[in-house]
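Where a number appears in this text, it was derived from the coordinates with a stated rule and is not lab data. The model shown is predicted, which means the values in this text are computed figures rather than measured ones. Methodologically, a virtual Cβ is constructed for each residue, glycine included, from the backbone with ideal geometry; neighbour enumeration extends over all protein chains shown.
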Amino acid sequence: MIRELGRFERISAHSHIRGLGLDENLRAKDVADGLVGQKKAREAAGVIVKLIKSGKMAGRGILLAGPPGTGKTAIAVAISKELGKDLPFVHVSASEFYSAEMKKTEALIQSMRKAIGVRIRERRIVLEGEVVGLDYNMVPNPYNPTQKIPESANLTLATTDEKRSFSVGSRIAMQFVSQGIGLGDVIILDKETGRVSKLGRSEKAKKKYDIGDEDLVPLPSGKVEKEREFTYVVTLHDFDEANARRGSIFSLFGGGSREIDNEVRHEVDEQVRRLIEEGRAELLPGVMFIDETHLMDIELFAFMNRAMESEMSPIIILASNRGFSRIRGTDIVAPHGIPLDLLDRLLIITTEPYTRDEIKTIIDIRAVEMGVILDEKAIERLTDIGERMSLRYAVQLLAPANEFAKLRNSGKIDLQDIERAESIFSDVSQSSAYLKKWEEKMLGM
Ligand SMILES: Nc1ncnc2c1ncn2[C@@H]1O[C@H](COP(=O)(O)OP(=O)(O)OP(=O)(O)O)[C@@H](O)[C@H]1O
Ligand SMILES: [Mg+2]
């Protein structure tokens with residue numbers, strides 16, 4: 001899966017989700033693939049995945065509508081997992097389209113093209129093996145000293161026949177970090193370009209470390225360095241940027257945000273079409289998930305409507321927690337603030353509030369995913385919070401509460417840890433109500 005570095009936080013709140021948790025008849029199981037309840041929505045999403053896979057969703061999109069914290073983002077993530085593990089998943093909030101750096105339509109088209117992958121096959125000289133040693137040399141990020149980034153790393157790879165160590169630079173080390181590659185993973189590294197690709201977990205390592213339910217692959221045999229077919233996924237946006245720079249498509253971490261000429265995009269489309277015709281590449285339309293859809297204005301909607309017609313369009317999933325809302329840039333009030341011509345193209349899935357038991361199970365699953373342990377009172381309290389305030393807030397409190405447990409030298413979060421976290425962090429409804437009170441006070445002066 002392609003992820004942007006800055007998107008870590010957003011995706012990580014949903015890292016427990018592996019799929020939609022449906023049976024062969026597309027019926028939702030109570031708890032499966034990390035998902036709990038919300039059965040109608042999951043089943044609808046399952047049908048949509050079928051439609052997408054059989055090419056019947058072209059030119060159409062999906063709208064997830066429901067109150068905050070009812071799993072809209074969770075279901076979008078699950079859809080993308082069901083579609084395939086190499087597919088790009090791009091998560092944007094509509095507010096991000098408005099910036100000083102580029103036109104809003106440019107920001108939209110760039111997001112769309114980040115959501116389309118191209119899988120390329122080439123014969124290359126590669127290093128392949130199980131990661132049996134990985135030591136980073138971390139330094140402060142020159143642009144943000146509160147973060148540390150790897151400047152270099154010592155990497156040891158093993159096959160059934162040999163073991164070799166390498167010193168790799170920051171560009172390669174960053175890829176290890178961003179792809180979450182660690183000991184026991186089998187990787188393949190393109191010697192010339194430094195591109196790294198994770199093949200899965202070594203079967204051998206599975207016994208040694210016993211983590212998760214990822215793809216298991218055999219320990220490679222023969223030499224670490226060899227010539228073989230190397231497949232990797234780049235996005236259309238990667239191609240665009242590289243062509244705009246007239247550099248190679250391999251300069252992964254260069255460039256900032258800037259506008260790209262439409263000419264360049266046309267050229268890239270042609271280039272990709274040729275690669276596909278020659279059998280050297282395959283198009284992987286991924287998912288573009290747009291949160292807070294009501295913040296899109298009429299121009300963006302019109303632009304997106306047109307772009308959806310193109311054969312190079314990703315699967316578009318919109319989310320809304322508004323009922324009726326004014327379409328931005330007009331005086332028209334419409335369902336979800338979405339123009340009718342776009343609504344016509346959307347299949348709509350609604351999400352419903354969770355029961356107490358469901359909230360409890362979701363918190364439980366998140367705790368397991370984060371590797372934290374809660375005692376019975378703590379989980380009851382978090383469930384109360386999830387029910388009374390929001391699920392998102394309850395889930396967010398897990399991390400600080402765990403820090404407080406550690407300060408007590410305890411491996412288990414208890415009621416006081418939750419209360420301590422709750423007393424210093426606010427839910428959005430609390431923080432906004434608080435500021436509103438202040439505003440009123442100031443006006444009264
Ligand atoms: N059915 C579910 N099963 C498991 N986890 C879930 C489920 N629904 C939501 N979650 C988890 O609960 C948290 C809050 O849900 P999520 O962010 O998906 O809600 P949302 O509807 O997108 O909210 P918002 O309107 O605030 O964006 C997330 O960590 C999410 O992964
Ligand atoms: Mg959301």
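Enumerate the aspartates and glutamates that residue 412 could reach by cross-link, defined here as Cα to Cα under 14 Å, with residues fewer than 8 away along the same chain left out.
Cross-link targets: 364, 375, 376, 403.
Report, by chain and number, residues whose modeled amide H sits under 5 Å from the one on residue 129, excluding near sequence neighbours (fewer than 5 apart, same chain).
187
Cross-chain or 8 or more residues apart, Cα under 26 Å: how many lysine pairs in the stretch 54-127 fit that? Count them up, please.
For the stretch 54-127, qualifying lysine pairs total 12.
Give me the distance between the Cα centres of the stretch 307-374 and the stretch 384-399, rounded to whole Å.
Distance between centres, Cα-based: 19 Å.
Check residue 348: other-chain or 5+ apart residues with amide H under 5 Å from its amide H, H built from backbone geometry?
The answer is 63.
Working from the alpha-carbon coordinates of the chain, get Rg over Rh, Rh being the Kirkwood radius.
0.97
With each pseudo-label sitting 7 Å past Cα toward Cβ, what's the residue 348-residue 333 distance in nm, one decimal?
1.6
Between 314, 218, 145, which gets the highest mean-square fluctuation from a Gaussian network model of the chain, Cα cutoff 10 Å?
For the chain, modelled as a Gaussian network with Cα springs under 10 Å, the answer is 145.
Between residue 141 and residue 384, how many nm apart are label points set 7 Å from Cα along the C-beta direction?
Using points 7 Å along Cα→Cβ, the separation is 3.7 nm.
Any lysines with Cα under 25 Å of the residue 163 Cα? List them, leaving off those in the same chain fewer than 8 positions away.
191, 198, 204, 206, 207, 208, 223, 226
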